[in-house]
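The values are calculated or read from the model by the stated rules, or taken from the named source; none is laboratory data. Since this is a predicted model, take the numbers as computed values, not measurements. A quick note on method: Cβ atoms are made from the backbone with ideal geometry, for glycine too, and the neighbour counts reach across all protein chains shown. The protein model used for the area step is the full one, side chains on, heavy atoms only, and it has no ligands, DNA or RNA in it. Shrake-Rupley method; radii C 1.70, N 1.55, O 1.52, S 1.80 Å.
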Amino acid sequence: MTEQIESETITLGRRLRLLEPLACFQSLPEEWMRSLASALGVETFQPGATIVEESQIGSKLYLIERGEVIVSARGAHGPVILGHLGEGESFGEIALLTDEHLRRATVCAHTSVVLLSLGAEEFDKIVKTFPDVRMDLVDLVNTLMQKRLRALMRAKMEKVGTFASGKLSF
């Protein structure tokens with residue numbers, strides 16, 4: 001379940017501090033950073049809530065203001081946890097960069113979370129004006145996809161190891 005809260009509850013200074021470490025936005029001029037920070041929506045989710053779902057259309061990039069989420073993907077034998085993300089980390093960028101805009105993972109709230117969200121329309125304005133932002137995000141996505149592949153391979157190897165040792169239970 002999502003709940004909208006007042007955007008003013010997260011100050012412009014806090015928003016800027018959360019955006020600063022993101023390499024993809026570091027090349028933006030200060031006035032664009034301020035505009036971007038002001039344009040971010042605020043959403044909250046309770047523990048267990050699904051924020052984005054794999055294979056669904058995605059139209060937002062999220063930045064975690066507070067809390068922790070679990071990222072998972074479908075594996076051959078069920079969901080595979082790809083990792084946990086916390087304050088200052090982001091997700092959802094892959095859907096904004098691809099033509100089909102599909103989510104590549106499911107993200108669920110592990111704790112209560114407060115997210116700052118950037119819609120596709122605002123994102124498109126930024127990358128059309130500053131193409132380097134797109135390139136920096138593509139680099140980030142490549143890194144994320146490599147991590148996902150390693151996690152899926154690790155999960156597959158664990159299943160093979162369990163099978164080989166006779167530890168499977170039915």
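Hey, any hits in segment 109-126 for a residue that's open to solvent by 60 Å² or more (accessible area, probe 1.4 Å), at pLDDT 70 or above, of a type outside the set (Asp, Glu) and under 19 Å from Gly58 (Cβ atoms)?
Yes; the residues of segment 109-126 include at least one that is open to solvent by 60 Å² or more (accessible area, probe 1.4 Å), at pLDDT 70 or above, of a type outside the set (Asp, Glu) and under 19 Å from Gly58 (Cβ atoms).
List every residue pair whose Cβ atoms lie under 7 Å apart, where the two residues are 6 or more positions apart in sequence or sit on different chains, the first residue falls within segment 1-19 and is under 21 Å from Ile51 (Cα atoms), and the second residue, located anywhere, is outside any strand (DSSP E or B) and modelled with pLDDT of 95 or more.
Qualifying pairs under 7 Å: Met1/Gln46; Met1/Ala49.
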